[in-house]
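In what follows, a structure is listed as structure tokens, so that the remarks can point back to it.
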Amino acid sequence: MRWLVLSGTVALVAAGCGSGGATSAHDISRAATKTSEAGSLEADFAISGQGLTGTGTGVFNSKHQSGQLKMKLVARGRQIPFDTVVTGDVLYLRSPAFAQATTQDKQWVKLNLATLASSQGTTDLSGILDASPTPTYALAYLQGASTVDKVGAESIGGVQTTHYTVSANLDTAAEHASGSTRDALQGVDAQNRVLTLPLDVWLDGNGYIRKVRYDEHAGRRQAAQVTMELHDFGAPVTIDAPPDDSVVDLTKMIG
């Protein structure tokens with residue numbers, strides 16, 4: 001799944017955005033662009049919904065559209081660890097949940113989300129997306145920001161931010177997205193009849209998004225709430241896909 005999916009010229013947000021004066025929907029979309037164009041970032045996740053909860057951390061390289069993260073999901077009282085590597089539209093996952101499909105030598109499974117998303121819309125990717133969240137959807141949603149209301153000042157990870165509630169138009173967001181992310185945004189509208197999406201957003205004084213909370217509808221009959229905190233923007237990051245000889249390709253099997 002693409003990490004960097006936002007088109008257009010890099011727009012820098014004024015230093016005061018999020019900490020002083022009126023903040024508009026345009027300011028929010030520019031902050032999403034600036035955050036995605038940081039080159040890299042780290043993210044801490046929390047997921048709740050569909051009978052499961054989960055937490056995790058990840059690092060993402062926007063220049064090379066890649067990332068890697070670790071998640072722990074709890075479903076029916078059972079804790080399941082997941083390691084994920086993202087390269088473009090391809091996910092590599094390693095977990096005891098795939099024990100029947102993997103071997104001692106081939107511990108990773110490979111899924112091409114673009115291929116699966118085009119398979120007549122019959123594949124529900126909810127569980128996979130829960131195990132491998134990325135900032136892609138959150139930042140893409142914010143490109144459709146239409147209304148913004150200020151909540152107040154809050155500290156996130158020791159950084160002073162301003163909390164806003166945002167309403168995002170998914171048609172507008174899809175116009176700014178590309179590839180499988182654009183398809184996913186259009187699918188939320190078509191499959192779940194969600195035209196606008198409410199989000200909570202925290203902006204710092206430099207115009208970076210530090211935290212976002214929203215209900216993820218992609219591939220789901222029932223939304224899952226996703227919360228992520230973003231930090232350490234621009235640090236050097238290298239993401240490598242697992243070696244081919246350690247991977248089992250599940251895309252054809254699922255398709």
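What to note about this one:
- Considering only residues in the stretch 125-151 that are in a loop (DSSP other than H, G, I, E, B) and among the polar types (S, T, N, Q), the one that is modelled with the highest pLDDT turns out to be Q143.
- Subset of the stretch 47-93 (residues that are part of a loop (DSSP other than H, G, I, E, B) and either among the aromatic types (F, W, Y) or under 18 Å from T136 (Cα atoms) (or both)): S62, K63, H64, Q65, G88, D89
- Number of positions in the stretch 60-95 that are touching a residue at least 60 places away in the same chain (Cβ under 8 Å) and surrounded by fewer than 18 Cβ atoms within 10 Å (Cβ to Cβ): 1
- Subset tally (residues that are acidic (D, E) and either in a loop (DSSP other than H, G, I, E, B) or at pLDDT below 90 (or both)) for the stretch 152-200: 4
- Test: residue in the stretch 206-215 that is modelled with pLDDT of 75 or more, under 21 Å from K150 (Cβ atoms) and either exposed (fewer than 15 other Cβ atoms within 10 Å of the Cβ) or touching a Cys at 6+ places or on another chain (Cβ under 9 Å) (or both): yes
The values are calculated or read from the model by the stated rules, or taken from the named source; none is laboratory data. Since this is a predicted model, take the numbers as computed values, not measurements. Cβ sites come from the backbone with ideal geometry, for glycine too, and all protein chains shown count toward neighbours.
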